[in-house]
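The values are calculated or read from the model by the stated rules, or taken from the named source; none is laboratory data. All of these numbers come straight from a predicted model, not from anything done at the bench. Cβ atoms come from the backbone with ideal geometry, glycine included; neighbour counts cover every protein chain shown.
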Amino acid sequence: MKQFEVTGNKDTRSGFGDGLHELGKTNPNVVALCADLTGSLKMNAFQNAFPDRFYQVGIAEANMMGLAAGMTIGGKIPFTGTFANFSTGRVYDQIRQSIAYSGKNVKICASHAGLTLGEDGATHQILEDIGMMMMLPHMTVINPCDYNQTKAATMAIAEHEGPVYLRFGRPKMPIFTPDNQKFEIGKALMLNEGTDVTIFATGHLVWEAIQAGHALAEKGIDAEIINIHTIKPLDEAAVIASAKKTGAVVTAEEHQILGGLGSAISQTISRECPTPIEFVGVKDSFGESGTPAQLMEKYGLSASNIVEAAEKAISKK
């Protein structure tokens, strides 16, 4: 099992903030809109450096999406910022009708996603946002794993023509991907080659998958670990090749198992190469208040749950 060098711990929302600031220096068409959560979204640096390109719309998320859609007509590249719950559930109609339907070049940037929002509780812990965004035609869905990858993804989506949903989080996480990496939309990343089982992971669960890989190696199980940072468009070629190679699959995500990464992977392999598959994710439940670590453990999103799922998938070969 490959060893990964951890260069620090930082929240992925800071990767977004720093990436947005860098974009502001190089792309004058990039504008930012925020719904009264500038500090939480780490958009302060952009606001301070480019006040004429920053729009504080207040607690008016639906209006923010409409404004962003309109700005694209003038050639601007708007990045909207608020919590994932308010970026999707509260404004789904505006996203569908004003952005996705006509393929507007809006970047919907969503922080505090999943259970790791923590103590704010179930009303804020959206666990169905990936599925909601995946179902919209024209929408690209990206869920990076650490600070460096989130920064790179933020900068990459400015070059992509069309609507994008970029999902990131609140807690500090290990930084283990390269600094100044090139982010390629729609390209899965092989983290560890293996022969016994494939673990497809996204977002915060990529680090848990790596820890699970080490635990499996101690049991003599050789796990292939693939980072699916882009859930739509899915790198189907990489998924199919790995599933055929190992003959057993696990998906891991901080999201409902219905409608997220697991659904996308299972649709692909059931069509192309039916393979035993197990799902690590939230099982048709809302969250609750608690620390991120407590919630990840209670809702079955830890490395030990991935190990258990891997062993179960292997037993079905």
Lone qualifier among GLY162, GLY169 - being surrounded by fewer than 19 Cβ atoms within 10 Å (Cβ to Cβ) and not hydrophobic (A, V, I, L, M, F, W, C): GLY162
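Residues checked against (1) within 26 Å of ASP11 (Cβ to Cβ); (2) buried (at least 24 other Cβ atoms within 10 Å of the Cβ); (3) out of contact with any Leu (no Cβ under 9 Å at 6 or more places or on another chain):
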{"position": "GLY70", "(1), (2), (3)": "no, no, yes"}
{"position": "LYS104", "(1), (2), (3)": "no, no, yes"}
{"position": "ASP120", "(1), (2), (3)": "yes, no, yes"}
{"position": "MET133", "(1), (2), (3)": "yes, yes, yes"}
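In the stretch 295-314, which residue that is not in a helix (DSSP H, G or I) and not hydrophobic (A, V, I, L, M, F, W, C) is surrounded by the most Cβ atoms within 10 Å (Cβ to Cβ)? Outline the logic, then answer.
Looking only at the stretch 295-314, we keep the residues that are not in a helix (DSSP H, G or I), and these are 299-302.
Filter once more, so that each one left must be not hydrophobic (A, V, I, L, M, F, W, C): 299-300, 302.
Working: TYR299: 22, GLY300: 18, SER302: 19.
Result: TYR299.
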Cβ-Cβ under 8 Å pairs, at least 6 apart or on other chains, the stretch 1-23 side under 30 Å from CYS34 (Cα atoms) and buried (at least 17 other Cβ atoms within 10 Å of the Cβ), far side modelled with pLDDT under 95 and acidic (Asp, Glu): none
Residues that are touching a residue at least 40 places away in the same chain (Cβ under 8 Å) and either over 22 Å from GLY24 (Cα atoms) or not in a loop (DSSP other than H, G, I, E, B) (or both), drawn from the stretch 154-168: THR154, MET155, ILE157, VAL164, TYR165, LEU166, ARG167
Checklist (1) small (Gly, Ala, Ser); (2) part of a loop (DSSP other than H, G, I, E, B); (3) more than 27 Å from THR7 (Cα to Cα) applied to GLY186, failing item: (3)
Within the stretch 1-33, tally of residues that are farther than 27 Å from TRP207 by Cα and either small (Gly, Ala, Ser) or in a strand (DSSP E or B) (or both): 5
